[in-house]
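**Q** To start, I am sharing the structure in question, which I have written as structure tokens.
The values are calculated or read from the model by the stated rules, or taken from the named source; none is laboratory data. Since we're looking at a predicted model, the values are computed, not measured. Neighbour counts are summed over all protein chains in view; Cβ atoms, including those assigned to glycine, are modelled from backbone coordinates with ideal geometry. Remember, those area values only see protein heavy atoms, side chains included, never the ligands or the DNA or RNA. Shrake-Rupley method; radii C 1.70, N 1.55, O 1.52, S 1.80 Å.
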Amino acid sequence: FLLTVLLDELNPGINPAEINAAASTYLAFLWYAFDAKKSRFRNFMSYDRRWLEEEGSEDSHARALWAVGTVLGRSRNEGYGRLCGLLFKRGLPVVETFTSPRAWAFALLAIHEYLRRFNGDRLANATRDKLTEKLLKLWHSSASEDWPWFEPVATYGNARLSHALILSGSWMPHAEAREIGLKSLRWLCDIQTAPAGHFRPIGSNGFNVRGGHRSQFDQQPIEVHATLSACLEAYRATKDSAWSVEAQRAFEWFLGRNDLGLPLYDSATGGCRDGLHHDCTNENQGAESSLAFYLAHAEMTLAQNLMEAQTSIVT
């Protein structure tokens with residue numbers, strides 16, 4: 001659903017019927033997934049369309065909010081906006097009870113997108129304040145000079161924590177949140193740089209433990225997309241071109257600038273391989289990995305278009 005919005009921004013008026021058909025399908029799923037009694041999104045569904053859980057994870061709920069928030073903030077489709085408005089209004093309050101830092105981060109991304117158009121919404125602004133403070137409290141309880149991070153282990157979706165603070169800190173504004181977001185992202189980029197200079201995301205086979213093991217494999221596309229998005233936000237916040245270079249370096253991981261020199265994106269199928277093992281790529285091309293590539297590609301293209309437009313205005 002999120003990708004359809006970005007594609008429409010990239011190519012306004014191009015293949016609108018195809019994009020709208022896909023968006024309608026994805027919105028229908030989100031509508032069906034939302035349990036109004038619990039105010040929670042469900043996530044896993046069987047092939048015979050039975051829900052396999054009473055409620056989805058906190059992360060999946062917040063990601064769903066991110067999608068509908070983006071539609072509300074960017075889409076020109078009024079029909080989508082009405083349905084997404086109901087989902088956002090009903091699904092946002094419960095986020096304050098969540099304990100997952102990544103859910104807090106995804107919810108902050110959702111709120112920012114929503115506030116693009118509805119910046120006077122008191123509930124959204126108050127929730128942003130509370131979730132930002134939760135992340136700051138987490139940082140102060142864990143971070144040190146040699147470990148400038150939110151938790152004693154860097155696991156998955158790490159850059160989303162930094163991304164959320166850079167974004168919220170820049171727009172609230174909240175100087176401390178912005179600086180912690182930038183500082184933590186710089187550290188994350190440093191430890192995800194291989195000696196040869198290419199991008200090396202923290203592997204999912206053990207993650208990165210404070211003072212201990214740092215997993216090199218299995219490297220996942222979603223980590224690359226998260227880092228790329230955060231770096232693009234850091235560039236927008238600071239106008240420091242070093243961040244756009246970091247984003248480009250992360251994107252090149254998909255194309256073969258990685259530990260094995262093998263592309264993850266498969267131009268023959270249009271899919272993205274699921275990961276990088278120590279000796280080969282994971283040849284499965286799942287939806288999550290393929291979406292990670294296409295979202296990364298769309299975000300990079302939008303950012304480059306904006307930079308070119310700004311350069312053109314200046315010159």
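**Q** Ordering THR238, THR97 from largest to smallest accessible area (1.4 angstrom probe), what's the sequence?
**A** THR97, THR238
**Q** Scan around ASP35 for amide H atoms under 5 Å from its own, H built in the peptide plane at 1.01 Å from N, and keep only partners 5 or more places away or cross-chain.
**A** Close amide H contacts, sequence-distant or interchain: ARG40, PHE41, ARG42.
**Q** Membrane-span-like helices in the chain: DSSP H runs reaching 20 Å or more (Cα, own axis), mean Kyte hydropathy at least 0.5?
**A** Values: long enough: 16-33 (25 Å, 0.67); 58-74 (24 Å, -0.06); 101-115 (21 Å, 0.73); 122-142 (31 Å, -0.75); 175-191 (24 Å, 0.06); 221-238 (26 Å, 0.34); 241-255 (22 Å, 0.04); 287-314 (40 Å, 0.43).
Long hydrophobic helices here: 16-33, 101-115.
**Q** Using bins 10 angstrom wide from zero, how does P(r) for region 77-145 break down, in % of all Cα pairs?
**A** 18, 49, 23, 8, 2
**Q** Right, something else. Enter the accessible area of LEU87 (Å², nearest 10), with the probe set to 1.4 Å and all protein chains included.
**A** 0
**Q** Could you state how much accessible area ASP218 has, in square angstrom rounded to the nearest 10, with a 1.4 Å probe and all protein chains kept in place?
**A** Here the accessible area works out near 40 Å².
**Q** Also, I was wondering about something else. Over the chain, consider all pairs of different Cα atoms and compute the Kirkwood hydrodynamic radius from their mean reciprocal separation; express it in Å, one decimal. Could the numbers behind the result be given before it?
**A** Numbers: mean 1/r = 0.0496 Å⁻¹.
Result for the chain, one decimal place: 20.2 Å.
**Q** Moving to a separate point now. Hey, what number do you get for the chain at 222 nm if only DSSP H runs of n ≥ 4 count, each worth -39500 (n - 2.57), divided across all residues, to the nearest 500? Present the calculation step by step, with values, prior to reporting the outcome.
**A** Working: 11 runs with 185 residues, N = 315.
For the chain, the value works out to -19500 deg cm²/dmol.
**Q** Ok, one more. Longest segment of the chain with no trypsin sites (Lys or Arg not before Pro) in a DSSP loop having at most 11 other Cβ atoms within 10 Å?
**A** On the way: sites that count: LYS37, LYS38, ARG49, ARG50, ARG76, LYS239.
Maximal segment without exposed cleavage sites: 77-238.
**Q** What shape does region 223-315 take by its C-alpha gyration tensor, where a ≥ b ≥ c are the square roots of the eigenvalues and a/c under 1.5 counts as rounded, a/b above b/c as prolate, and the rest as oblate?
**A** Values: a/c = 2.59, a/b = 2.07, b/c = 1.25.
Prolate, because a/c is 1.5 or more and a/b exceeds b/c.
**Q** Follow-up. Rounded if a/c is under 1.5, else prolate if a/b is larger than b/c, else oblate: which is region 145-271, with a ≥ b ≥ c the root eigenvalues of its Cα gyration tensor?
**A** Details: a/c = 2.03, a/b = 1.32, b/c = 1.54.
It is oblate, given that a/c is not under 1.5 and a/b is not larger than b/c.
**Q** If DNA, RNA and ligands are ignored and the probe is 1.4 Å, what is the ranking of ASP190, ASP266, ASP121 by accessible area, most exposed first?
**A** Working: ASP190 90, ASP266 25, ASP121 45 Å².
Per-residue accessible area, sorted high to low, gives ASP190, ASP121, ASP266.
**Q** Quick one: ranking HIS174, HIS278 by accessible area, 1.4 Å probe, largest first, what do you get?
**A** Working: HIS174 40, HIS278 130 Å².
Most to least solvent-accessible, the answer reads HIS278, HIS174.
**Q** Below 8 Å, C-alpha to C-alpha, sequence gap of six or more: please give me the relative contact order for region 31-71 in percent. Please list the in-between numbers first.
**A** Working: 37 pairs, mean separation 12.1, N = 41.
RCO, region 31-71: 29 percent.
**Q** Which GluC sites (Glu not before Pro) from region 233-303 combine a DSSP loop assignment with at most 16 other Cβ atoms within 10 Å?
**A** Numbers: sites: GLU233, GLU246, GLU252, GLU283, GLU288, GLU299; in loops: GLU283.
Answer in residue order: GLU283.
**Q** Could you grab the Rg to Rh ratio for region 38-129? Cα atoms only, Kirkwood for Rh.
**A** Working: Rg = 13.2 Å, Rh = 13.4 Å.
Over the Cα atoms of region 38-129, Rg/Rh equals 0.99.
**Q** Counting other Cβ atoms within 10 Å, keep those with at most 12, restrict to DSSP loop, and tell me which GluC sites (Glu not before Pro) in region 49-151 are left.
**A** Listed in order of number, the matching sites are GLU53, GLU54, GLU145.
**Q** Right, something else. Would you work out the relative contact order for the chain, in percent, from Cα pairs under 8 angstrom that are 6 or more residues apart? Write out the running numbers ahead of the final one.
**A** Working: 491 pairs, mean separation 36.9, N = 315.
So the answer I get is 12 percent.
**Q** Hey, another quick one. Show me, for region 275-282, the HN-Hα J-couplings you get by feeding each phi into the Karplus relation (A = 6.51, B = -1.76, C = 1.60, θ = phi - 60°), rounded to Hz, glycine and proline as x.
**A** Rounded to whole hertz, the list is x, 10, 8, 6, 10, 6, 8, 7.
**Q** With θ set to phi - 60° and the Karplus curve 6.51 cos²θ - 1.76 cosθ + 1.60, what are the ³J(HN,Hα) couplings of region 38-51 in order, to the nearest whole Hz, using x for Gly and Pro?
**A** After applying 6.51 cos²θ - 1.76 cosθ + 1.60, I find 9, 6, 10, 7, 8, 10, 9, 10, 7, 5, 8, 6, 9, 6 Hz.
**Q** So how exposed is TRP51, as accessible area in Å² (1.4 Å probe, rounded to 10)?
**A** Number for this one is 50 Å².
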